[in-house]
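Here the structure is laid out as C-alpha coordinates; the discussion comes afterwards.
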Amino acid sequence: MSEIPASFLSACEEQDLHPSPEQLRLLQAYVDQLLQVNQHMNLTAVREAEGVWMRHIFDSLLLVPDLKADLNQKALDLGSGGGFPGIPLAIMRPDIQWTLVDSVAKKVRFLNELAQGLGMPNVRALAERAEVLGRDPEHRECYHLVTARAVARLPVLLELTIPFLRVNGLLAAMKGEQAAKELKESRRAIERLSVKLMRSQAQPGGGHLLWFKKRRPTHTAYPRAVGIPAQKPL
Ligand code: SAH
(Lines give C-alpha, C1' and ligand atoms only; values in the text may rest on other atoms or scores of the structure.)
Protein backbone atom coordinates (compact mmCIF):
# COMPACT_ATOMS: atom_id res chain seq x y z
CA MET A 1 0.00 0.00 0.00
CA SER A 2 1.14 3.57 -0.68
CA GLU A 3 2.32 5.71 2.20
CA ILE A 4 0.13 8.28 3.91
CA PRO A 5 1.66 11.72 3.23
CA ALA A 6 2.93 13.64 6.27
CA SER A 7 1.14 16.74 4.94
CA PHE A 8 -2.20 14.93 5.32
CA LEU A 9 -1.46 13.75 8.84
CA SER A 10 -0.40 17.21 10.01
CA ALA A 11 -3.42 18.87 8.34
CA CYS A 12 -5.67 16.43 10.24
CA GLU A 13 -3.85 17.18 13.47
CA GLU A 14 -4.35 20.90 12.92
CA GLN A 15 -8.09 20.44 12.44
CA ASP A 16 -8.35 18.13 15.44
CA LEU A 17 -9.28 15.19 13.21
CA HIS A 18 -8.07 11.86 14.52
CA PRO A 19 -8.71 8.91 12.22
CA SER A 20 -7.97 5.63 14.03
CA PRO A 21 -5.30 3.26 12.66
CA GLU A 22 -8.09 1.10 11.19
CA GLN A 23 -9.72 4.13 9.56
CA LEU A 24 -6.36 5.21 8.12
CA ARG A 25 -5.90 1.71 6.72
CA LEU A 26 -9.30 1.88 5.00
CA LEU A 27 -8.59 5.38 3.63
CA GLN A 28 -5.26 4.12 2.31
CA ALA A 29 -6.88 1.13 0.57
CA TYR A 30 -9.46 3.50 -0.92
CA VAL A 31 -6.81 5.90 -2.30
CA ASP A 32 -4.90 3.00 -3.84
CA GLN A 33 -7.95 1.55 -5.55
CA LEU A 34 -9.17 4.94 -6.72
CA LEU A 35 -5.83 5.76 -8.35
CA GLN A 36 -5.59 2.33 -9.89
CA VAL A 37 -9.09 2.36 -11.41
CA ASN A 38 -8.63 6.01 -12.39
CA GLN A 39 -6.03 4.90 -14.94
CA HIS A 40 -8.81 3.57 -17.15
CA MET A 41 -11.94 5.29 -15.82
CA ASN A 42 -12.34 9.00 -15.21
CA LEU A 43 -13.03 9.18 -11.47
CA THR A 44 -10.88 12.19 -10.57
CA ALA A 45 -8.67 14.70 -12.37
CA VAL A 46 -6.18 14.43 -9.49
CA ARG A 47 -3.66 11.80 -10.52
CA GLU A 48 -1.10 11.61 -7.72
CA ALA A 49 -1.58 10.23 -4.24
CA GLU A 50 -0.73 13.35 -2.24
CA GLY A 51 -3.26 15.38 -4.25
CA VAL A 52 -5.95 12.79 -3.53
CA TRP A 53 -5.14 12.78 0.19
CA MET A 54 -5.19 16.57 0.49
CA ARG A 55 -7.75 17.72 -2.02
CA HIS A 56 -10.22 14.88 -1.71
CA ILE A 57 -9.78 12.93 1.53
CA PHE A 58 -8.88 15.82 3.82
CA ASP A 59 -11.54 18.05 2.25
CA SER A 60 -14.16 15.34 2.87
CA LEU A 61 -13.05 14.79 6.48
CA LEU A 62 -13.63 18.46 7.27
CA LEU A 63 -17.33 17.58 7.64
CA VAL A 64 -16.72 15.01 10.38
CA PRO A 65 -16.83 17.36 13.41
CA ASP A 66 -20.25 18.62 12.29
CA LEU A 67 -21.88 15.20 11.94
CA LYS A 68 -24.41 14.53 14.67
CA ALA A 69 -23.71 11.78 17.16
CA ASP A 70 -27.25 10.27 17.03
CA LEU A 71 -27.55 6.58 16.26
CA ASN A 72 -29.46 5.12 13.31
CA GLN A 73 -28.95 8.07 11.02
CA LYS A 74 -29.42 7.78 7.29
CA ALA A 75 -27.27 9.90 5.00
CA LEU A 76 -27.23 10.35 1.22
CA ASP A 77 -24.27 11.62 -0.79
CA LEU A 78 -25.49 12.98 -4.10
CA GLY A 79 -23.20 12.93 -7.13
CA SER A 80 -20.52 10.88 -5.35
CA GLY A 81 -18.46 10.33 -8.51
CA GLY A 82 -15.32 8.58 -7.26
CA GLY A 83 -16.77 8.67 -3.72
CA PHE A 84 -16.32 12.15 -2.25
CA PRO A 85 -17.25 12.95 0.40
CA GLY A 86 -19.33 9.78 0.89
CA ILE A 87 -16.63 7.10 1.20
CA PRO A 88 -14.30 8.95 3.63
CA LEU A 89 -17.31 9.93 5.77
CA ALA A 90 -18.62 6.37 5.76
CA ILE A 91 -15.17 5.21 6.93
CA MET A 92 -15.17 7.78 9.74
CA ARG A 93 -18.81 7.11 10.70
CA PRO A 94 -19.57 3.41 10.25
CA ASP A 95 -22.64 3.87 12.49
CA ILE A 96 -24.38 5.96 9.78
CA GLN A 97 -26.10 4.21 6.83
CA TRP A 98 -24.74 5.85 3.67
CA THR A 99 -26.48 5.86 0.30
CA LEU A 100 -24.20 7.09 -2.47
CA VAL A 101 -25.95 8.24 -5.63
CA ASP A 102 -24.58 8.94 -9.07
CA SER A 103 -26.17 8.85 -12.50
CA VAL A 104 -23.13 7.16 -14.06
CA ALA A 105 -23.44 3.37 -13.70
CA LYS A 106 -19.73 2.53 -13.97
CA LYS A 107 -18.84 4.92 -11.14
CA VAL A 108 -21.54 3.28 -9.02
CA ARG A 109 -20.15 -0.15 -9.84
CA PHE A 110 -16.72 1.02 -8.66
CA LEU A 111 -18.22 2.34 -5.42
CA ASN A 112 -20.15 -0.86 -4.68
CA GLU A 113 -17.12 -3.06 -5.40
CA LEU A 114 -14.95 -0.83 -3.26
CA ALA A 115 -17.39 -0.92 -0.33
CA GLN A 116 -17.68 -4.68 -0.59
CA GLY A 117 -13.91 -5.14 -0.84
CA LEU A 118 -13.25 -2.91 2.17
CA GLY A 119 -15.99 -4.59 4.20
CA MET A 120 -18.25 -1.57 4.64
CA PRO A 121 -21.82 -2.84 5.15
CA ASN A 122 -22.96 0.72 5.88
CA VAL A 123 -22.48 1.78 2.23
CA ARG A 124 -24.69 1.17 -0.80
CA ALA A 125 -24.36 3.00 -4.11
CA LEU A 126 -27.25 3.55 -6.52
CA ALA A 127 -27.09 4.48 -10.20
CA GLU A 128 -29.92 6.94 -10.70
CA ARG A 129 -30.64 10.58 -11.39
CA ALA A 130 -31.54 12.71 -8.40
CA GLU A 131 -34.64 13.93 -10.25
CA VAL A 132 -35.94 10.35 -10.39
CA LEU A 133 -34.80 9.05 -6.99
CA GLY A 134 -36.09 12.19 -5.25
CA ARG A 135 -39.63 11.19 -6.27
CA ASP A 136 -39.27 7.59 -5.11
CA PRO A 137 -41.11 7.10 -1.78
CA GLU A 138 -38.26 4.86 -0.58
CA HIS A 139 -35.93 7.84 -0.71
CA ARG A 140 -38.07 10.99 -0.60
CA GLU A 141 -38.22 12.69 2.82
CA CYS A 142 -36.16 9.80 4.27
CA TYR A 143 -32.69 11.10 5.12
CA HIS A 144 -31.33 12.96 8.14
CA LEU A 145 -28.35 14.27 6.19
CA VAL A 146 -27.50 14.92 2.55
CA THR A 147 -23.99 15.80 1.37
CA ALA A 148 -22.94 17.01 -2.07
CA ARG A 149 -19.61 18.22 -3.41
CA ALA A 150 -19.01 19.77 -6.83
CA VAL A 151 -22.33 18.56 -8.24
CA ALA A 152 -24.27 21.62 -9.46
CA ARG A 153 -24.73 25.34 -8.87
CA LEU A 154 -26.57 25.99 -5.64
CA PRO A 155 -30.10 26.74 -6.95
CA VAL A 156 -29.96 23.48 -8.92
CA LEU A 157 -28.34 21.55 -6.09
CA LEU A 158 -31.06 22.61 -3.64
CA GLU A 159 -33.81 21.29 -5.90
CA LEU A 160 -31.94 18.00 -6.38
CA THR A 161 -31.08 17.39 -2.72
CA ILE A 162 -33.79 18.86 -0.47
CA PRO A 163 -36.54 16.37 -1.48
CA PHE A 164 -34.44 13.56 0.08
CA LEU A 165 -34.38 15.17 3.52
CA ARG A 166 -36.77 14.67 6.39
CA VAL A 167 -38.13 17.82 7.97
CA ASN A 168 -35.31 19.23 10.16
CA GLY A 169 -32.75 17.24 8.15
CA LEU A 170 -29.52 18.92 7.08
CA LEU A 171 -27.83 19.52 3.75
CA ALA A 172 -24.05 20.04 3.69
CA ALA A 173 -23.27 21.71 0.36
CA MET A 174 -19.53 21.73 -0.29
CA LYS A 175 -18.94 24.68 -2.57
CA GLY A 176 -15.95 26.56 -3.95
CA GLU A 177 -15.05 30.21 -3.82
CA GLN A 178 -18.26 31.18 -5.64
CA ALA A 179 -20.41 30.25 -2.63
CA ALA A 180 -21.48 33.82 -1.79
CA LYS A 181 -22.50 34.52 -5.38
CA GLU A 182 -24.38 31.23 -5.63
CA LEU A 183 -26.20 32.01 -2.40
CA LYS A 184 -27.46 35.26 -3.87
CA GLU A 185 -28.75 33.36 -6.89
CA SER A 186 -30.56 30.91 -4.60
CA ARG A 187 -33.07 33.20 -2.88
CA ARG A 188 -36.04 31.81 -4.80
CA ALA A 189 -34.90 28.19 -4.42
CA ILE A 190 -34.43 28.69 -0.67
CA GLU A 191 -37.96 30.03 -0.34
CA ARG A 192 -39.69 27.49 -2.60
CA LEU A 193 -37.93 24.54 -1.01
CA SER A 194 -38.49 25.83 2.55
CA VAL A 195 -34.91 25.67 3.70
CA LYS A 196 -32.92 27.86 6.02
CA LEU A 197 -29.21 28.61 5.76
CA MET A 198 -27.84 27.63 9.16
CA ARG A 199 -24.13 28.23 8.64
CA SER A 200 -21.68 29.36 6.01
CA GLN A 201 -18.10 28.45 6.72
CA ALA A 202 -14.84 29.04 4.84
CA GLN A 203 -12.71 25.88 4.82
CA PRO A 204 -8.95 25.38 4.73
CA GLY A 205 -8.01 24.83 1.08
CA GLY A 206 -10.38 27.48 -0.29
CA GLY A 207 -13.66 25.55 -0.11
CA HIS A 208 -16.82 26.88 1.42
CA LEU A 209 -19.27 24.76 3.36
CA LEU A 210 -22.94 25.71 3.47
CA TRP A 211 -25.35 24.05 5.94
CA PHE A 212 -29.07 24.16 5.24
CA LYS A 213 -31.97 22.88 7.33
CA LYS A 214 -35.23 21.70 5.80
CA ARG A 215 -38.19 23.31 7.51
CA ARG A 216 -41.23 21.83 5.75
CA PRO A 217 -42.04 18.82 3.54
CA THR A 218 -41.08 19.47 -0.09
CA HIS A 219 -43.87 20.53 -2.47
CA THR A 220 -44.82 17.71 -4.88
CA ALA A 221 -43.70 19.89 -7.80
CA TYR A 222 -40.04 19.24 -6.86
CA PRO A 223 -37.74 17.91 -8.10
CA ARG A 224 -38.91 18.70 -11.63
CA ALA A 225 -38.31 16.26 -14.52
CA VAL A 226 -34.78 15.11 -15.46
CA GLY A 227 -32.67 18.00 -16.73
CA ILE A 228 -35.17 20.77 -15.92
CA PRO A 229 -33.57 21.86 -12.61
CA ALA A 230 -30.32 22.62 -14.49
CA GLN A 231 -32.00 24.09 -17.59
CA LYS A 232 -34.37 26.37 -15.68
CA PRO A 233 -32.97 26.85 -12.18
CA LEU A 234 -35.50 28.01 -9.59
N1 SAH B 1 -18.65 14.51 -5.48
C2 SAH B 1 -17.54 14.05 -6.31
C3 SAH B 1 -17.84 14.08 -7.79
C4 SAH B 1 -18.17 15.44 -8.37
S5 SAH B 1 -18.50 15.37 -10.10
C6 SAH B 1 -16.30 14.85 -5.97
O7 SAH B 1 -16.39 15.84 -5.25
O8 SAH B 1 -15.21 14.48 -6.45
C9 SAH B 1 -20.29 15.42 -10.10
C10 SAH B 1 -20.94 14.06 -10.11
O11 SAH B 1 -22.34 14.26 -9.96
C12 SAH B 1 -20.73 13.31 -11.43
O13 SAH B 1 -20.21 12.02 -11.15
C14 SAH B 1 -22.13 13.23 -12.03
O15 SAH B 1 -22.36 11.99 -12.70
C16 SAH B 1 -23.05 13.38 -10.82
N17 SAH B 1 -24.35 14.02 -11.10
C18 SAH B 1 -24.54 15.24 -11.66
N19 SAH B 1 -25.86 15.51 -11.75
C20 SAH B 1 -26.53 14.43 -11.23
C21 SAH B 1 -27.91 14.11 -11.07
N22 SAH B 1 -28.88 14.93 -11.45
N23 SAH B 1 -28.22 12.93 -10.48
C24 SAH B 1 -27.24 12.07 -10.09
N25 SAH B 1 -25.92 12.32 -10.24
C26 SAH B 1 -25.56 13.49 -10.81
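The values are calculated or read from the model by the stated rules, or taken from the named source; none is laboratory data. This structure is a prediction, so every number in the text was calculated from the model and none was measured. Backbone-built Cβ (ideal geometry, glycine too); neighbour counts: all protein chains shown. When the accessible area is computed, the model is the full protein with side chains, heavy atoms only, and any ligands, DNA or RNA have been set aside. Shrake-Rupley method; radii C 1.70, N 1.55, O 1.52, S 1.80 Å.
Data for the structure
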{"read-out": "Shape category assigned to segment 1-96 from the gyration tensor of Cα positions, a/c cut at 1.5", "value": "oblate"}
{"read-out": "Kirkwood estimate for the chain, i.e. one over the average of 1/r between Cα atoms, Å", "value": "17.9"}
{"read-out": "Longest site-free stretch - the chain; sites: GluC sites (Glu not before Pro), DSSP loop, at most 11 other Cβ within 10 Å", "value": "49-137"}
{"read-out": "Segment 104-171: translational diffusion in µm²/s, Stokes-Einstein, Kirkwood Rh over Cα pairs, 25 °C, 0.890 mPa s", "value": "187"}
{"read-out": "Alpha-carbon Rg/Rh ratio, for segment 115-234, with Rh computed the Kirkwood way", "value": "0.97"}
{"read-out": "Accessible area per residue in Å² at 1.4 Å probe, computed on the chain", "value": "47"}
{"read-out": "Anisotropy class of segment 38-136 from Cα gyration tensor, a/c 1.5 cut", "value": "oblate"}
{"read-out": "Rounded to the nearest 20 debye, dipole of segment 1-117 from Cβ charges on Lys, Arg, Asp, Glu", "value": "500"}
{"read-out": "Beta bridge orientation in segment 68-231: antiparallel %, DSSP, nearest 5", "value": "40"}
{"read-out": "Magnitude of the charge dipole, the chain, Cβ model with Lys/Arg +1 and Asp/Glu -1, debye to 20", "value": "1280"}
{"read-out": "Segment 68-231: relative contact order as a whole-number percent, Cα under 8 Å and 6+ apart", "value": "20"}
{"read-out": "Top positive-direction residue, dipole computed over the chain with Cβ charges, set Pro217, Phe8, Leu89", "value": "Pro217"}
{"read-out": "Listed residue pairs exceeding 20 Å between alpha carbons, taken from Lys106/Lys214; Lys175/Lys196; Lys184/Lys214; Lys68/Lys181; Lys68/Lys196; Lys184/Lys232", "value": "Lys106/Lys214; Lys68/Lys181"}
{"read-out": "The chain - percent of accessible surface contributed by carbon and sulfur, probe 1.4 Å", "value": "50"}
{"read-out": "Residue-averaged [θ]222 nm for the chain, counting only DSSP H segments that reach four residues, each worth -39500 (n - 2.57)", "value": "-9000 deg cm²/dmol"}
